[in-house]
Amino acid sequence: MKQALLIFTIIYPMVIPAQNPVTNNAVTQQLLEYLAENDNDISENSQSIDDLIDQANTPININNINKSKLEKLWFLSDFQARELLDFIDKYQPIFSKYQLQSLNTFTPETIELLSLFVTYGKPDMIHKNYLNGNVIIKDAFDIQKAKGYQTNDSSAYLGNNHQIYSRAIIEYGNHYSTGFVIEKDPGEQFLNKNKTDFYSGFLQYKGNKLLKKVIIGDFKANFGQGLALWTGSNMSKSGSVSHIRKKGEELKRYSSTNETNFFRGIASSLAYKSIQLQTFISTRNKDARIEYDSTQNLSLITSMPQTGYHRTLNELSTRNTLKQTTYGVNINYRWKNISASAGTAFTQLDADSIQTTQTYKQLNPPTTHSQNHWLSYNYGNNNFIYFGEIAIDKDKHIATLNGFLIKPTTNVTASILYRNISTKYYSPYICTFSESTNPSGETGCFIGLHMYPIKKLETEAHIDIFKFNWLKYNIDKPSNGYEISIRSNYKITPTSELSIQYKEKEKHRNLTTDETPEYTTKTYNLKKIRLNISCQPTENWRIQLRTEKSIYQYDPLPGSSGFLSFADLHYESSNKRLSSSFRYTIFATDDYNSRIYTYENDVLYTFSIPAFYDEGSRVYFTGRYQLTDRIKLWIKAGHTWYPNKKEIGSGLQTISGNSRTNLKIQLQIKL
Amino acid sequence: MNQQNLKQRAFFKASLLLIVFLTNPIQTIAQPGFQSSPSILGQGDTGSTTSGISSILSNPAGIHTIKSTSVSANYYAPYMISELSTQSLSVAAPLSFGTTYGSIKRFGFDKYNETTFAVGLTRQIAPTLSMNFQLNLQHNQIVESGNSTQVFSSFGVQFAPHQQVIAAFHITNPEKATIKTREETETIPSIYTLGIRWQSNPRFSVAYEIIKQTNYKTTNCFGCEYHTNNFLIARIGAFGKPMNYTLGVGFILNNITIDACAVNHQTLGISSGLGLTYNFNQKQ
């Protein structure tokens with residue numbers, strides 16, 4: 001449910017007028033916060049959100065929907081997708097969203113959410129020659145200039161402190177689309193030698209016959225459960241009980257700003273009856289630091305930065321220095337309730353070897369030539385789904401993942417997922433359900449339960465027990481741990497909701513004190529409890545209050561605790577042209593370990609989940625105004641204040657003073 | 001005089017004795033940021049969700065409930081030390097576009113004192129939502145250093161997610177205004193309050209609140225209020241760490257309400273407060 005409602009916070013208030021988003025807002029933010037708390041880079045997941053926003057801009061008729069189209073709506077659980085398909089099959093044409101109320105797995109919020117992406121009634125006439133365009137221009141910057149902008153030595157930032165982003169996507173008819181993205185991060189040069197720091201583009205053709213799709217340019221490829229190849233998103237573990245199975249389009253155009261995780265080349269998808277064949281080839285340059293040994297004529301990769309930052313001469317020297325070639329093929333077969341895929345991918349880096357100094361990487365060091373093969377499967381009906389993947393690398397190390405979802409009654413969903421990844425298994429594009437970002441050597445079992453014990457009470461609980469059979473980053477011995485989460489949402493009235501969440505995680509971490517010898521690890525325990533209340537007293541106003549407490553224990557060192565609370569007000573005018581949000585947050589934590597994450601509203605196509613630590617307060621305001629039918633303007637201004645600090649940040653990012661103010665302005669033009 | 005009036009008088013007398021007993025040894029916290037009215041301190045300083053004119057000193061978003069012009073005067077003396085006492089005078093009037101009000105609050109003594117003048121407007125946006133905005137002018141007088149003045153704002157919201165539940169928040173000085181006296185710059189406290197109240201019936205309510213002031217640890221507040229009849233209100237609560245236990249009573253006499261409270265700080269001792277409210281033209 002959480003994932004199903006994720007986009008309400010981001011899309012609903014911005015794209016479509018809100019009707020009853022209170023419940024959704026309270027719930028959907030939790031997924032993003034969960035991802036941030038589990039060290040996922042949220043910015044890398046923006047593509048998933050971008051795709052949904054694009055989908056909302058071009059809704060499809062529900063009577064034309066099929067399984068692969070439903071996969072794009074990844075917020076729907078497997079059971080919901082199956083029940084919807086059966087329902088459409090039996091009762092089509094569907095004329096109204098109210099007909100969907102008889103679906104057991106759909107709550108009123110899910111129906112509202114789905115209605116953002118579909119139209120009802122008889123299938124629309126297909127307009128072959130329509131032109132749709134969507135242009136976004138954004139500028140974001142801090143008022144206070146960081147140290148990197150004020151020094152004159154060689155370590156100074158080369159560009160100004162503005163983040164500039166521009167994106168255009170144009171669709172012609174149902175078959176053709178093209179788009180480009182240009183972006184410069186703060187500190188990077190803009191239009192240096194007539195080109196900006198990051199640019200991306202694609203040309204796409206979608207067909208109805210044998211040739212289903214061709215993409216020339218930038219694209220992402222997602223196969224199986226992400227054990228071998230999954231790009232464009234970094235959602236390793238969602239924590240949602242009914243969304244443990246990864247799904248999405250196998251090949252998809254890329255229009256996001258993550259500078260690392262995408263392909264550049266040609267991708268195609270062919271379909272014949274129940275068989276689909278996807279092929280792709282990509283060649284692009286990545287950031288790397290390479291040392292050449294002229295005596296032996298060998299090149300050694302010493303590091304491969306993933307940040308995408310090219311702000312200083314040092315960072316710029318690594319830009320696009322390493323050629324990477326990837327190609328692969330995937331064949332998919334669907335028959336009734338069974339779906340199976342098999343594929344292979346080859347990746348080659350234009351260097352002789354990669355230096356690996358970290359001990360935890362010694363058993364599965366990154367290689368310049370890698371091969372991964374996979375076999376994935378999915379079988380189920382309206383009451384259960386069984387899915388999994390087995391992947392093997394070029395040295396025949398194996399990774400497996402198997403999951404089972406069951407719906408014994410209409411108000412209960414249970415899930416179990418087991419993963420076992422060899423300590424020596426290596427894939428450069430692994431992104432699977434796991435605790436660790438690099439899941440090699442991880443074994444784990446996730447058990448979840450989602451239910452409505454009484455009509456107005458939704459409860460979701462899970463436990464994930466994991467074991468690392470080899471060292472991990474900052475854990476210098478094999479270790480184990482667990483994660484527990486219990487969340488209950490009680491709908492006080494149709495427009496107000498109370499939510500309580502308890503989470504606990506226990507893992508190992510290196511103990512770095514002067515008294516202890518090296519390689520000592522100790523268990524840390526992190527508990528978080530959250531109380532959230534949201535309410536929509538009128539059609540125009542929405543209010544959310546939250547308070548959260550975190551407790552961090554790490555014997556023998558002293559523990560720490562943190563506290564965060566915010567009050568959030570959202571207003572939308574009756575004619576939907578104006579909407580704005582105001583939030584005041586206070587926080588006080590003893591240290592970084594007891595930090596607390598919280599979701600923030602932002603401009604369209606952007607979302608942020610900052611981590612709050614130390615003592616301070618933050619106030620922000622966002623506003624959206626629809627200037628004309630085709631032009632919208634967003635503004636966000638935020639101010640964070642730390643009473644006990646004399647400077648904020650570290651290194652070149654240091655700001656002198658105890659406050660930071662950021663501004664963001666964005667314009668959307670629809671063609 | 002009939003029998004019922006005699007009984008009422010006897011009860012009033014006994015209650016007044018109780019007040020005197022409770023208010024005699026007076027002591028409490030000396031933070032100007034925590035100056036609430038006696039009716040709120042009596043219930044553990046849980047003021048963000050209260051209504052009526054007493055809410056002016058905690059969260060004026062609750063003032064929308066008054067039906068006629070009201071005046072309130074309060075006195076609060078921490079730890080029996082008159083130099084730390086706070087006096088306040090408030091007036092509120094319901095108008096067609098909302099409820100307007102003004103207040104004067106003075107803390108300190110002749111050598112050092114802080115006087116805050118406030119004007120604000122509370123508007124009921126919907127039957128379950130009211131908002132408030134207030135402008136404050138703080139004037140500090142320090143004999144050795146001179147005078148200083150600063151303007152800052154505060155903002156509050158009350159809403160009812162359910163007919164028996166009131167939730168609220170209030171923020172004072174979100175802009176982090178400072179006040180400068182000669183070379184000395186002091187930060188005016190930024191106070192954030194978040195509260196929730198459950199009214200099991202029109203007579204009894206329970207409230208919980210958190211208060212966070214800059215550079216102070218979060219204060220948890222808990223309180224109950226019970227209207228025994230149309231005449232007497234009993235209050236009890238606790239807040240802070242070390243714990244402050246609070247007791248309070250209120251007497252409603254036609255248009256006049258008298259409130260009293262006692263706060264027992266675990267270490268510092270007892271403080272007390274007294275308040276008087278008059279409602280003009282209120283129909284009984």
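The values are calculated or read from the model by the stated rules, or taken from the named source; none is laboratory data. Remember, predicted model here, so these are calculated numbers, not experimental data. Note that each Cβ is placed from the backbone with ideal geometry, even for glycine, and that neighbours are counted across all protein chains shown. When the accessible area is computed, the model is the full protein with side chains, heavy atoms only, and any ligands, DNA or RNA have been set aside. Shrake-Rupley method; radii C 1.70, N 1.55, O 1.52, S 1.80 Å.
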Completion exercise
A:Trp541 fails exactly one of (1) more than 11 Å from chain B (Cβ to nearest Cβ); (2) surrounded by 19 or more Cβ atoms within 10 Å (Cβ to Cβ); (3) of a type in the set (Phe, Trp, Tyr), namely (1)
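Of all residues in region A:330-382, how many are under 30 Å from A:Leu84 (Cα atoms) and open to solvent by 60 Å² or more (accessible area, probe 1.4 Å)? If you could, list the steps in order and put the result at the bottom.
Initial filter on region A:330-382 (under 30 Å from A:Leu84 (Cα atoms)): A:330-343, A:374-382.
From the residues that got through so far, the ones that are open to solvent by 60 Å² or more (accessible area, probe 1.4 Å) too are A:331, A:333-338, A:375, A:377, A:379, A:382.
The number of residues fulfilling the criteria is 11.
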Exercise for the section: Considering each residue of region A:576-601, count those that are away from chain B (no Cβ under 13 Å), in contact with a Phe, Trp or Tyr (Cβ under 6 Å, 6 or more places away or on another chain) and open to solvent by 40 Å² or more (accessible area, probe 1.4 Å), and give that number. Expected result: 3
Fill in the blank from the handout: Residue hits (region B:216-240; modelled with pLDDT of 95 or more and within 14 Å of chain A (Cβ to nearest Cβ)) are none
Practice task
Working carefully through the options B:Glu175, B:Glu186, find the one that is within 14 Å of chain A (Cβ to nearest Cβ), acidic (Asp, Glu) and not in a strand (DSSP E or B).
Solution key: B:Glu175
Handout entry: Verdict on A:Thr606 being among the polar types (S, T, N, Q), out of contact with any His (no Cβ under 9 Å at 6 or more places or on another chain) and closer than 18 Å to B:Pro174 by Cβ
Key = no
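Does A:Leu604 satisfy being within 12 Å of chain B (Cβ to nearest Cβ), open to solvent by less than 10 Å² (accessible area, probe 1.4 Å) and touching a residue at least 40 places away in the same chain (Cβ under 8 Å)? If you could, list the steps in order and put the result at the bottom.
Details: within 12 Å of chain B (Cβ to nearest Cβ): no; open to solvent by less than 10 Å² (accessible area, probe 1.4 Å): yes; touching a residue at least 40 places away in the same chain (Cβ under 8 Å): yes.
No, not satisfied.
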Exercise for the section: Enumerate the pairs (first residue in region B:146-157 and in contact (Cβ under 8 Å) with a residue 12 or more places away in the chain; second residue anywhere and open to solvent by 40 Å² or more (accessible area, probe 1.4 Å) and charged (D, E, K, R)) with beta-carbon separation below 8 Å, excluding pairs fewer than 6 apart on the same chain, so at least 6 apart or on different chains. Expected result: B:Gly146/B:Arg182; B:Ser148/B:Lys180; B:Gln150/B:Lys180; B:Phe152/B:Glu175; B:Ser153/B:Glu175
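So which residues in region A:299-308 are open to solvent by 20 Å² or more (accessible area, probe 1.4 Å) and at pLDDT below 90?
Residues of region A:299-308 that are open to solvent by 20 Å² or more (accessible area, probe 1.4 Å), as a first pass: A:300, A:302-307.
Within region A:299-308, A:Gln306, A:Thr307 meet the criteria.
Okay, residues lined up against (1) out of contact with any Ser or Thr (no Cβ under 8 Å at 6 or more places or on another chain); (2) at pLDDT 80 or above:
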residue: A:Ser68; (1), (2): yes, no
residue: A:Glu71; (1), (2): yes, no
residue: A:Phe79; (1), (2): no, yes
residue: A:Leu84; (1), (2): yes, yes
residue: A:Ile88; (1), (2): yes, yes
residue: A:Glu112; (1), (2): yes, no
residue: A:Lys122; (1), (2): yes, no
residue: A:Gly133; (1), (2): yes, yes
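Got a sec? Which of B:Gln213, B:Gln199 is within 11 Å of another protein chain (Cβ to nearest Cβ) and among the polar types (S, T, N, Q)? Even if it seems obvious, please write down each step before you answer.
Values: B:Gln199 fails: within 11 Å of another protein chain (Cβ to nearest Cβ).
Answer to the selection: B:Gln213.
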Problem - Selection count where residues are crowded, with 16+ Cβ neighbours inside 10 Å and either of a type in the set (Ser, Thr, Tyr) or closer than 23 Å to A:Leu158 by Cβ (or both), scope region A:279-298 - result: 7
Exercise for the section: State the number of residues belonging to region A:266-287 that are modelled with pLDDT of 95 or more and touching a Ser or Thr at 6+ places or on another chain (Cβ under 6 Å). Expected result: 5
Problem - Number of positions in region A:400-439 that are in contact (Cβ under 8 Å) with a residue 24 or more places away in the chain, over 16 Å from A:Ile244 (Cβ atoms) and more than 23 Å from the chain's Cα centre (by Cα) - result: 7
Practice task
Give the residues of region B:155-171 that are more than 8 Å from chain A (Cβ to nearest Cβ), touching a strand residue (DSSP E or B) at 6+ places or on another chain (Cβ under 7 Å) and surrounded by fewer than 22 Cβ atoms within 10 Å (Cβ to Cβ), sorted by residue number.
Solution key: B:Gln164
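Answer yes or no: is there a residue in region A:623-634 that is closer than 21 Å to A:Ser565 by Cβ and either open to solvent by 20 Å² or more (accessible area, probe 1.4 Å) or within 14 Å of another protein chain (Cβ to nearest Cβ) (or both).
Looking only at region A:623-634, we keep the residues that are closer than 21 Å to A:Ser565 by Cβ, and these are none.
No, that holds for no residue.
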Exercise for the section: Return a yes/no flag: does region A:454-468 have any residue that is open to solvent by 20 Å² or more (accessible area, probe 1.4 Å), in a loop (DSSP other than H, G, I, E, B) and charged (D, E, K, R). Expected result: yes
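Checking the conditions here, which among B:Lys67, B:Lys105, B:Lys111 is among the basic types (Lys, Arg) and touching a Ser or Thr at 6+ places or on another chain (Cβ under 6 Å)? Full working, then the answer.
Values: B:Lys67 fails: touching a Ser or Thr at 6+ places or on another chain (Cβ under 6 Å); B:Lys111 fails: touching a Ser or Thr at 6+ places or on another chain (Cβ under 6 Å).
Going through B:Lys67, B:Lys105, B:Lys111 in turn, just one is among the basic types (Lys, Arg) and touching a Ser or Thr at 6+ places or on another chain (Cβ under 6 Å): B:Lys105.
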Problem - Exclusive hit being within 21 Å of B:Ser48 (Cβ to Cβ), free of Cβ contacts under 8 Å to residues at least 60 places away in the same chain and within 14 Å of another protein chain (Cβ to nearest Cβ), set A:Ser617, A:Ser550, A:Ser573 - result: A:Ser617
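Rundown of residues vs (1) touching a Lys or Arg at 6+ places or on another chain (Cβ under 6 Å); (2) of a type in the set (Ser, Thr, Tyr); (3) within 14 Å of chain B (Cβ to nearest Cβ), yes/no style:
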position	(1), (2), (3)
A:Lys472	no, no, no
A:Tyr482	no, yes, no
A:Arg487	no, no, no
A:Lys491	yes, no, yes
A:Leu498	no, no, yes
A:Asn532	yes, no, yes
A:Cys535	no, no, yes
A:Leu545	no, no, yes
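Every residue, every condition in (1) at pLDDT below 95; (2) polar (S, T, N, Q); (3) under 30 Å from A:Thr325 (Cβ atoms); (4) assigned to a loop (DSSP other than H, G, I, E, B), yes or no:
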{"site": "A:Gly388", "(1), (2), (3), (4)": "no, no, yes, no"}
{"site": "A:Asn402", "(1), (2), (3), (4)": "no, yes, no, no"}
{"site": "A:Leu405", "(1), (2), (3), (4)": "yes, no, no, no"}
{"site": "A:Pro408", "(1), (2), (3), (4)": "yes, no, no, no"}
{"site": "A:Ala414", "(1), (2), (3), (4)": "yes, no, no, no"}
{"site": "A:Phe433", "(1), (2), (3), (4)": "yes, no, yes, yes"}
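Out of curiosity, is A:Thr318 touching a Pro at 6+ places or on another chain (Cβ under 7 Å) and among the β-branched types (Val, Ile, Thr)? Don't jump to the end; show me each part of the working.
Working: touching a Pro at 6+ places or on another chain (Cβ under 7 Å): yes; among the β-branched types (Val, Ile, Thr): yes.
Here the answer is yes, as A:Thr318 does meet what is asked.
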Exercise for the section: Select from region A:130-167 the residues that are assigned to a strand (DSSP E or B) and over 24 Å from A:Tyr309 (Cβ atoms) and list them in ascending order. Expected result: A:Leu131, A:Asn132, A:Gly133, A:Asn134, A:Val135
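Yes or no, residue by residue, for (1) in a strand (DSSP E or B); (2) free of Cβ contacts under 8 Å to residues at least 40 places away in the same chain:
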{"site": "A:Ser269", "(1), (2)": "yes, no"}
{"site": "A:Gln278", "(1), (2)": "yes, no"}
{"site": "A:Ser299", "(1), (2)": "yes, no"}
{"site": "A:Thr302", "(1), (2)": "yes, no"}
{"site": "A:Arg311", "(1), (2)": "no, no"}
{"site": "A:Glu315", "(1), (2)": "no, yes"}
{"site": "A:Gly328", "(1), (2)": "yes, no"}
Exercise for the section: Output the residues belonging to region B:96-144 that are open to solvent by less than 60 Å² (accessible area, probe 1.4 Å) and either within 14 Å of chain A (Cβ to nearest Cβ) or charged (D, E, K, R) (or both). Expected result: B:Lys105, B:Glu114, B:Ala126, B:Thr128, B:Leu129, B:Ser130, B:Met131, B:Asn132
